Every structure is written in structure tokens, then in C-alpha cells.
1. Using 0.36 nm times the number of residues separating residue 28 and residue 11, minus their current alpha carbon distance, what extension gain do you get?
2. Please list the non-local residues whose amide H lies under 5 Å from the amide H of residue 107, H modeled 1.01 Å from N, same-chain partners needing a gap of 5 or more.
3. Which whole number of Å³ per residue matches the convex hull of the alpha-carbon atoms in region 1-144?
4. Would you kindly derive the ³J(HN,Hα) couplings of region 53-69 from the backbone phi angles with the Karplus curve 6.51 cos²θ - 1.76 cosθ + 1.60 (θ = phi - 60°), listing them in order in whole Hz, with x for Gly and Pro?
5. Please list, ordered by chain and number, the residues whose modelled amide H lies under 5 Å from the amide H of residue 24; skip anything fewer than 5 residues away on the same chain.
6. Using a Förster distance of 35 angstrom, determine the FRET efficiency expected from the C-beta separation of residue 87 and residue 135, and round it to 0.05.
7. Using a 1.4 angstrom probe and counting only protein chains, how large is the accessible area of residue 104 in Å², to 10?
8. Quick one: Karplus J couplings for region 82-97, per residue in order, coefficients 6.51, -1.76, 1.60, θ = phi - 60°, nearest Hz, x for Gly and Pro?
Amino acid sequence: KLQVQKRRIYDITNVLEGIGLIEKKSKNRIHWKAEGICQYDQHGRELLKLQEELEEAKREEDEIDKRRADIKKRLNHLGTDEENQKLAFVTHEDIKNLDVFQDSTLITIKAPSGTTLEVSEKDDYDTSSHKYSISLESTKGPIRVYPISDSDKLSYVETDHLDSGRLPEQQEPVC
């Protein structure tokens with residue numbers, strides 16, 4: 001027993017309800033709102049602000065997830081639609097004409113799945129004019145290398161599967 005007049009408890013509950021600390025559910029039942037007490041001190045306000053930010057971040061994440069699912073669905077449709085499949089290609093001229101590839105040596109590699117590709121930058125002791133070295137290895141079939149650019153920089157220096165390092169002009173590059 002509290003040994004307090006019923007009227008005083010009624011007054012106290014009205015004040016607590018007025019400042020948002022409790023909520024009356026029925027005549028003799030109240031619900032304590034724990035966050036209500038926090039809103040009056042600095043840490044409580046920071047906590048409330050962080051909770052609001054978290055809710056906003058969750059809403060943004062949900063929106064991003066919806067957009068991502070929509071994009072995935074559209075991409076899947078693009079890849080499976082027969083009309084799109086007829087047009088799903090680029091020519092070597094399309095690639096060569098991109099500004100980002102100007103003055104670059106471009107190659108296309110056609111290789112079976114499981115092919116290992118290793119690109120390494122030449123070290124300071126290498127005297128060749130090549131900046132990079134490309135190594136391809138496959139146990140499942142031939143690897144074909146096609147030059148895209150008209151650059152004269154493209155050369156075949158070393159290979160384990162051909163008789164010479166340079167390929168004849170008419171021969172398709174195969175590693």
C-alpha cells in the first residue's frame with residue numbers, strides 16, 4: 001500500500017500523462033512510456049535523434065532494395081527478351097571509338113571457363129618497351145586472342161604453346 005490519498009495519485013498520473021511519461025490504458029491501468037523520460041535531458045535527445053536517423057536509414061535501405069530488385073528484374077528481362085538478344089552486341093569500332101581507349105592497345109580474349117588470366121606490371125629491371133605482361137592458362141581448351149586496336153604496339157613476345165613468339169600476319173592468335 002502506498003498510504004496516499006487516491007486523489008493525489010490521480011493528480012500525479014494526470015501530470016505524468018500531460019508531459020508524455022505515461023499513457024492511460026483504462027481506469028486503473030497505465031502504460032509507462034520509457035522514452036518519454038529521456039526527451040528531457042541531453043543524452044535522451046541525442047538518443048531520440050539517433051533513433052529517428054536509424055528509422056530514416058532503414059526507410060532509405062528499403063527503397064534502395066526495392067530499386068535494386070527492380071533493376072535486377074529489368075536486366076533479367078533485357079537478357080532474356082528475344083528482341084533484345086538480337087541487338088546485344090558491340091562492334092570493335094564501337095569500342096575503339098570510345099575516348100577512354102584512345103592511344104591504348106586493346107585485345108579481346110576468348111577462352112573457356114576456368115581460364116586463368118594474370119596481368120603483371122613489368123619491373124624496373126625489364127628492358128622491354130612493354131609496360132604490362134599478360135599470362136593466360138587453360139586446361140579446358142584453346143585460348144584465342146584478337147587485337148581490337150589498330151596499334152602497332154601489340155606484339156606476341158612469349159608463348160608456351162606456339163613455335164615462335166611472333167605470329168604470322170594471316171594466323172589467328174592462339175595461346
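The values are calculated or read from the model by the stated rules, or taken from the named source; none is laboratory data. No experiment lies behind these values; they were computed from the predicted model shown. Note: ideal-geometry Cβ built from the backbone for every residue, glycine included; neighbour counts use all protein chains shown. Note: accessible area is taken over every heavy atom of the protein model, side chains too, but ligands, DNA and RNA are not part of it. Shrake-Rupley method; radii C 1.70, N 1.55, O 1.52, S 1.80 Å.
1. Answer, rounded to one decimal: 4.8 nm.
2. Placed amide hydrogens put 148 under 5 Å from residue 107.
3. Each residue corresponds to 394 Å³ of Cα convex hull volume.
4. Each residue of region 53-69 in turn: 4, 5, 4, 5, 5, 5, 5, 5, 4, 4, 5, 5, 4, 5, 4, 4, 5 Hz.
5. So residue 24 has HN proximity to 31.
6. Details: r = 35 Å, r/R0 = 0.99.
After rounding, the FRET efficiency stands at 0.50.
7. 40
8. 4, 4, 5, 5, 5, 10, 8, 7, 10, 8, 5, 5, 4, 5, 4, 7
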